[in-house]
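To keep things clear, I will list the structure first and then write my remarks on it.
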């Protein structure tokens, strides 16, 4: 039976680094939206269409993920999954067609994440897709719902 792996955490928490390790460990298909976004649109973070494009990429990735899971291939979704309801929705979807489900929460303190992002921002430049302003990070941190112990053990 294939497994759907969700990478849970804020930008800079180490999701993609861990997802790459899991990709090789499980011989899984890793789907990371930022890579596709950059390939298709370049450094478009300030473009008014950025969010709409990102949403479309995630929807397309999910369609690919479903096909792979049904074919018996493990899939890693490197989306962030900030809310409990979103994580539960994907858990139910996976189980609806017989896939296992595993959450990988990047439990990293906010100050450590911000240090990583600040360093990444210097190398990326202000117009890079990976640039995250402090105001954005603070806003996102407030929106992120930390998974409960029960949620992680399901």
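Read-outs: derived from the displayed coordinates by stated rules, not from any lab. Please read these numbers as outputs of a predicted model, since none were measured by experiment. Note: ideal-geometry Cβ built from the backbone for every residue, glycine included; neighbour counts use all protein chains shown.
Based on the Cα coordinates of the chain, what is the per residue volume of their convex hull in Å³?
Output value, Cα hull per residue: 115 Å³.
Rounded to the nearest 0.05, the FRET efficiency derived from the C-beta distance between residue 115 and residue 20 at R0 = 22 Å is 0.55. Of all DSSP bridge pairs formed entirely within the range 1-135, close to 0 percent run antiparallel. Rounded to the nearest 500, the 222 nm mean residue ellipticity of the chain from helices alone is -17000 deg cm²/dmol, with -39,500 (n - 2.57) taken per DSSP H run of at least 4 residues. Here each label is just a point 7 Å from Cα along the line to Cβ, and for residue 101 and residue 85 those points are 1.6 nm apart. Using a simple spin-label model with pseudo-atoms 7 Å out from Cα toward Cβ, residue 35 and residue 64 lie 0.8 nm apart.
Counting only the backbone N, which residues of the range 97-116 are under 13 Å from the spot 7 Å out from the Cα of residue 151 toward its beta-carbon? In the range 97-116, the label zone of residue 151 (backbone N under 13 Å from the point 7 Å along Cα→Cβ) covers 103-107. Extension gain for residue 56 to residue 123 (0.36 nm times residue separation, less C-alpha to C-alpha distance): 21.4 nm. So what's the gap between the Cα centers of the range 76-105 and the range 6-60, to the nearest angstrom? Taking the Cα centre of the range 6-60 as reference, the centre of the range 76-105 is 15 Å away. Checking the a/c ratio against 1.5 first, then a/b against b/c, what shape does the Cα gyration tensor give for the range 15-61? It is prolate, given that a/c is not under 1.5 and a/b is the larger ratio.
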